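*Asks:* Shown below is the structure under consideration.
The values are calculated or read from the model by the stated rules, or taken from the named source; none is laboratory data. Owing to the predicted nature of the structure, the values given are computational and were not obtained by experimental measurement. We place every Cβ from the backbone using ideal geometry, glycine too, and count neighbours over all the protein chains shown. Side chains are part of the model used for accessible areas, which takes the heavy atoms of the whole protein and leaves out ligands, DNA and RNA. Shrake-Rupley method; radii C 1.70, N 1.55, O 1.52, S 1.80 Å.
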Amino acid sequence: PDTVRKLNHLPVREKIRDVFAKAILRLQVVKEPYQLVERFMTSQMEPFHTSEPVFPAKRTVFEVLPYPRGSEFEKDFMRYLDEQPPDEVLAYTKVLPRMPLRIPYHDADGYLRHYVPDFVVKTVDGYFLLEPKGEGWDRQEDTPAKVQAAVEWCRKVSELTGDAWTHVKFLQPDFQRFRDLSFSQLTAACHVQ
C-alpha cells in the first residue's frame, strides 16, 4: 500500500509518464537514406484560388504570389527579389501549400513536425531556401531544430542533385539594414550556418 500511494503521487506519475513518452518517441525515429523520387516543377502546378493578398511577381512562373495578411515584410522582400538583376536572381517562388516541400524535424518535445521554408530562390550559383522572419522568430523554442533540419536537407539534396542548395534565415532588421546590397551580398551577410 505504501508503494502504491507513492506511485499515485502526482509528480511521480508525471515523471513515469514523461519517461515512457520520451522512450516511445525515440522508437519512432527511423533514419533512412535520402533518395530523389522526382523533381517538382512549379510550371506543372494548376491555378488555384487564394483568399490571401497577392503580389504581382515578375520573376516567377506564377502571375501573382500570395503572402500572409500580416506580413508586409514578405511583400517587401518579393519586391526586393524582383528588383535584382538577372545575374543575381534568376527566379523565385513563395513556397505554396500545394508544393511538396516539407522538411521533417523533431521539436523540443521529440514530436515529428514538418518545416516549410518561405521562399526558394534560383541563382546562377544554385538554390536558396530562404526564411525571412520578423523579430522573435530566432528566439522560438523550435527554431534551432528547424534550421538544423533545413541545413541538413540542403546538404543532402545538393549531394543528390549536384546543384548547390543553401538555407539562409534573416530577420527583418537585418534585411532593412542590408536591403541596398545585392542578393548575393545579402545572403552572405546573413548566412552564418
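*Asks:* If you go through the stretch 71-79 one residue at a time, do you hit one that is at pLDDT 70 or above, more than 21 Å from LEU181 (Cβ to Cβ), among the charged types (D, E, K, R) and open to solvent by 40 Å² or more (accessible area, probe 1.4 Å)?
*Replies:* no
*Asks:* Can you work out which of the residues in the stretch 135-150 that are at pLDDT 90 or above and buried (at least 18 other Cβ atoms within 10 Å of the Cβ) is nearest to the chain's Cα centre (by Cα)? Spell out the reasoning first.
*Replies:* Within the stretch 135-150, the first condition is being at pLDDT 90 or above, and the residues that meet it are 148-150.
Okay, now just the ones that are also buried (at least 18 other Cβ atoms within 10 Å of the Cβ), so 149-150.
Values: ALA149: 9, ALA150: 6 Å.
The selected residue is ALA150.
*Asks:* Anything in the stretch 152-178 that is of a type outside the set (A, V, I, L, M), outside any helix (DSSP H, G or I) and surrounded by 14 or more Cβ atoms within 10 Å (Cβ to Cβ)? List them, or say none.
*Replies:* Across the stretch 152-178, the qualifying residues are TRP165, THR166, HIS167, LYS169, PHE170.
*Asks:* Further question on the same structure: Do we have LYS122 as of a type outside the set (Gly, Ala, Ser), over 13 Å from the mean Cα position of the chain (by Cα) and farther than 23 Å from MET78 by Cβ here?
*Replies:* no
*Asks:* Moving to a separate point now. Can you run down the residue pairs with Cβ atoms below 8 Å, 6 or more apart or on separate chains, where the first is in the stretch 1-25 and in a helix (DSSP H, G or I) and the partner is at pLDDT 80 or above and open to solvent by less than 80 Å² (accessible area, probe 1.4 Å)?
*Replies:* LYS6/VAL12; LEU7/ILE16; LEU25/HIS106
*Asks:* Of all residues in the stretch 174-193, how many are under 19 Å from the mean Cα position of the chain (by Cα) and either without any contact (Cβ under 8 Å) to a residue 12 or more places away in the chain or over 20 Å from ASP82 (Cα atoms) (or both)?
*Replies:* Number of matching residues: 4.
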